[in-house]
Amino acid sequence: MTTTAPPVKDRPGDGGHGSPAKDERLLGDSPLRKLLGRPELGAVVGALAVFLFFAVVADSFLKTSSFGTVLYAASTIGIMAVPVALLMIGGEFDLSAGVLVTSSALISSMFSYQMTANIWVGVFVSLLVTLAIGVFNGFMLTRTKLPSFIITLGTFLMLTGLNLGLTKLISGTVSTKSISDMEGFESARKLFASELNLGGVELKVTILWWAGLVALATWILLRTRFGNWIFAVGGNAEAARAVGVPVRLTKIGLYMGVGFCAWVSGQHLLFSFDVVQSGEGVGNELIYIIAAVIGGCLITGGYGSAIGSAVGAFIFGMTSKGIVYAEWNPDWFKFFLGAMLLLATLLNAWVRKRAEATR
């Protein structure tokens, strides 16, 4: 008795007449799917909306001189938003970032003045101290297992007190002494606070620092093993540790990145104005976090981009200066900032859901 095999039926996904199905793993992502998966998509849409809004309501907003001013305002926030974004991708916060910028400037100024040393000596000492504070934050976080909110809030309060107390103790006032006549001041000013003319537009050197840091951070996130570690520890630190990711070193490295960028921002603050007020910087840490969140970083970690933080900082720059160019009361700025934060968070959540739905 013989049997015959049943006819092969077409299955869903087959090419018909029993032809093998295509493995969807071999199908490349469509451009639309890749676009929807980008963390900064919502921020780019928001930036276009803000730009068009102020282009309509403020006549001077589109002037070339205004563009340089907007970029400068964005760069002063963007330099710090980059490491804060990487830190948030890694699942942590730093509430001491704002006052750390001021601490960096105070250390450079007072050390050079009191030691009558070349300005570059104070600048180098400031770099070492800010990096050490970053190591302290990261070490305390990983050692104690306390939330980064608590650890960095403590650092924020300590630095705020030290900035004011030591400045009054050493200088006798709440501000530092002038160092403009000291050796090395002009060369340091060229590096941290100079201007350049590009196509008739005056651009501050901080814009170049900002662009360079964004490019470096993007390369780290997308092209290096350390970037993979950042996403891993932000997504699930215990799972990352189980597969051999050095969680402690990764988080300490991220806090050192915050320290380095705080040093850059602090030197710009010092060499732009010559003297530093010890109470500056309080509250700026929230602006850095807002820029990162507007740029697509999730508060829960594991998701975001450095480019998104740059777009978030650019939105901040357009809003802060756009209100001035529109001749509105600047008291409304915080209202617009809060509204943008809520809208950006909702838009980012919607974009992420759409991206996951297309997979």
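3J(HN,Hα) along segment 196-211, derived from phi through the Karplus expression 6.51 cos²θ - 1.76 cosθ + 1.60 where θ = phi - 60°, amounts to 9, 9, 10, x, x, 10, 7, 10, 6, 5, 4, 5, 5, 4, 4, 4 Hz, with x in place of Gly and Pro. Ranked by solvent-accessible area (1.4 Å probe, protein heavy atoms only, all chains present), the residues D94, D59, D274 order from largest to smallest as D59, D274, D94.
Taking every DSSP helix (H) stretch of at least 4 residues in the chain, weighting each as -39,500 (n - 2.57) and dividing the sum by the residue count yields a mean residue ellipticity at 222 nm of -23000 deg cm²/dmol. Answer rounded, prolate or oblate for the chain, using the Cα gyration tensor with square roots of eigenvalues a ≥ b ≥ c: rounded when a/c is under 1.5, else prolate when a/b is larger than b/c, else oblate. It is prolate, given that a/c is not under 1.5 and a/b is the larger ratio. The simple Förster model, with R0 at 41 Å and r as the Cβ-Cβ distance, assigns S272 and L343 a FRET efficiency of 0.80. Taking all protein chains as they are arranged and a probe of 1.4 Å, the heavy atoms of M182 leave approximately 40 Å² accessible to solvent.
Place a point 7 Å from the Cα of V56 along the Cα-to-Cβ direction; which residues of segment 329-345 have their backbone N under 13 Å from it? None, by backbone N distance to the label point. Projecting label points 7 angstrom from Cα along Cα→Cβ for L166 and A326 puts them 4.2 nm apart. Within the accessible surface of segment 40-353, defined with a 1.4 Å probe on protein heavy atoms only, the carbon and sulfur portion equals 70 percent.
Solvent-accessible surface of the chain, averaged per residue with a 1.4 angstrom probe and all protein chains in place: 51 square angstrom. By a 1.4 Å probe calculation restricted to protein chains, F67 has an accessible surface near 110 Å², given to the nearest 10.
At an R0 of 45 angstrom, the distance between the Cβ atoms of I299 and T116 translates into a FRET efficiency of 0.45. Taking θ as phi - 60° and the Karplus parameters 6.51, -1.76 and 1.60, the scalar couplings of segment 268-279 work out to 4, 4, 5, 7, 7, 10, 6, 10, 10, 8, 5, x Hz in sequence order, x denoting glycine and proline. The modelled label-to-label distance for the pair V174/L222, using points 7 Å beyond Cα in the direction of Cβ, is 4.5 nm. Measure off 7 Å from each Cα along the Cα-to-Cβ vector at K145 and T64, then give the distance between these two points in nanometres to one decimal. Result for the modelled spin labels: 6.1 nm.
The values are calculated or read from the model by the stated rules, or taken from the named source; none is laboratory data. Keep in mind that this is a model prediction, so the values were computed, not measured. In this analysis, Cβ positions are derived from the backbone assuming ideal geometry, glycine residues included, and neighbour counts consider all displayed protein chains. Calculation scope for accessible area: heavy atoms of the full protein, side chains included, ligands and nucleic acids excluded. Shrake-Rupley method; radii C 1.70, N 1.55, O 1.52, S 1.80 Å.
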